[in-house]
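Read-outs: derived from the displayed coordinates by stated rules, not from any lab. Since this is a predicted model, take the numbers as computed values, not measurements. As a convention, Cβ positions derive from the backbone with ideal geometry for all residues, glycine included, and neighbour counts pool all protein chains shown.
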Amino acid sequence: MNVEVFAMTLKERIERFEVPENMVAIWGLGQTGVVLKGGGYIVYIDPYLTGEGRRAVPILIRPEEVTHADLVFHTHIHIDHLDPQTVRGIAKASPKAKFIAPLNCHKVLRECGVEEERIIHPPVGQTFDFGALKFYSIPSAHYGFDFVEGRQEFPSYLGYCITLNGVKIYHSGDTILHDDLERLLREFAPDIAFLPINGRDYYREKRNIIGNLTFWEAAQLAVNVGVKLVIPTHWDMFPNNSENFARFADWLYHNARNQHFHVLHAGELFVYAREE
């Protein structure tokens with residue numbers, strides 16, 4: 001890689017990178033945030049691009065710099081997944097971008113200046129087709145499902161099953177295991193799964209820090225489902241709610257050496273090619 005590439009901003013790197021068919025380019029944003037590119041689309045999932053002083057991961061692209069977003073996915077309403085300042089900046093900078101989020105996020109999105117016609121609240125299981133990009137949502141359990149107004153098609157926490165440029169990607173957002181998760185993921189058969197590994201414990205819960213899959217639960221889930229590549233998330237942003245990704249790797253080393261994984265760092269480019 002030459003010096004010129006290192007000098008580029010993340011925005012420039014995303015825009016200049018060309019993605020062949022049946023491949024997806026992925027850039028890490030920290031926490032559960034990622035950028036996906038392929039099939040003519042640039043997609044943001046759970047971007048958290050503010051919060052100086054609170055975060056251990058640098059902000060590599062500012063909300064107002066995101067002029068290229070086609071779709072922005074939010075898995076739930078917590079600020080590190082749906083940050084009003086980030087939404088406001090992206091909505092203004094990318095005026096044609098669609099915002100996908102659970103139904104209980106509607107008020108926040110509107111207050112951030114996202115017009116009604118740009119908002120999608122996907123009922124669970126309904127497929128949305130944008131050509132080279134298709135997606136549907138499945139429930140995530142952030143301890144519970146917390147259905148909006150008791151409507152089971154609208155959980156407050158969503159995972160997204162996205163097919164982009166021929167590659168099948170599951171992003172769970174925040175979740176713990178629930179009874180249907182393995183079945184739903186086997187039906188989707190993801191090439192890539194983004195799963196949180198920060199776990200949960202009594203002391204964090206006493207401080208109202210809601211937890212996620214433990215590192216070994218995430219690893220076991222990927223193995224059970226047959227995910228081709230698992231990428232751990234939610235390990236780097238906040239020191240009081242993080243995890244050592246080496247424990248995730250160590251579990252796979254001792255229990256499932258054939259399970260492919262990649263630890264994605266903020267700002268890093270990773271390219272996945274789907275084998276036919």
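Our estimate of slack between Met8 and Arg110, defined as 0.36 nm per intervening residue step minus the Cα-Cα distance, is 33.4 nm. Model label points for Asp129 and His260, set 7 angstrom from Cα along the Cα-to-Cβ axis, are 2.9 nm apart. Taken over region 48-190, the ratio of Cα radius of gyration to 2.2 N^0.38 Å equals 1.04. On the beta carbon distance between Gln85 and Tyr143, with R0 = 25 Å, the FRET formula returns roughly 0.40. If you take all other residues with their beta carbon under 15 Å from the beta carbon of Ala56, and give Lys and Arg +1 and Asp and Glu -1, the sum is -2. Residues of region 221-240 falling in the label zone of Tyr253, defined by backbone nitrogen less than 17 Å from a point 7 Å along Cα to beta-carbon, are 232.
Using θ = phi - 60° in the Karplus curve 6.51 cos²θ - 1.76 cosθ + 1.60, the 3J(HN,Hα) couplings for region 189-206 round to 6, x, 6, 10, 10, 9, 10, x, 10, 6, x, 7, 7, 4, 6, 5, 5, 5 Hz; x is entered for Gly and Pro. Over all projection directions, the Cα-based convex hull of region 168-220 averages an area of 3.8 nm². For the options Tyr253, Tyr48, Tyr170, a Gaussian network treatment of the chain with springs between C-alpha atoms closer than 10 Å singles out Tyr253 as fluctuating the most. The simple spin-label model puts a point 7 Å past each Cα toward its Cβ; for Glu15 and Glu187 those points are separated by 4.1 nm. With the cut-off at 32 Å, tell me which of the pairs Lys11/Lys107; Lys37/Lys206; Lys11/Lys228; Lys98/Lys228; Lys107/Lys228 have Cα atoms farther apart than that. Among Lys11/Lys107; Lys37/Lys206; Lys11/Lys228; Lys98/Lys228; Lys107/Lys228, the Cα-Cα distance tops 32 Å for Lys37/Lys206; Lys107/Lys228.
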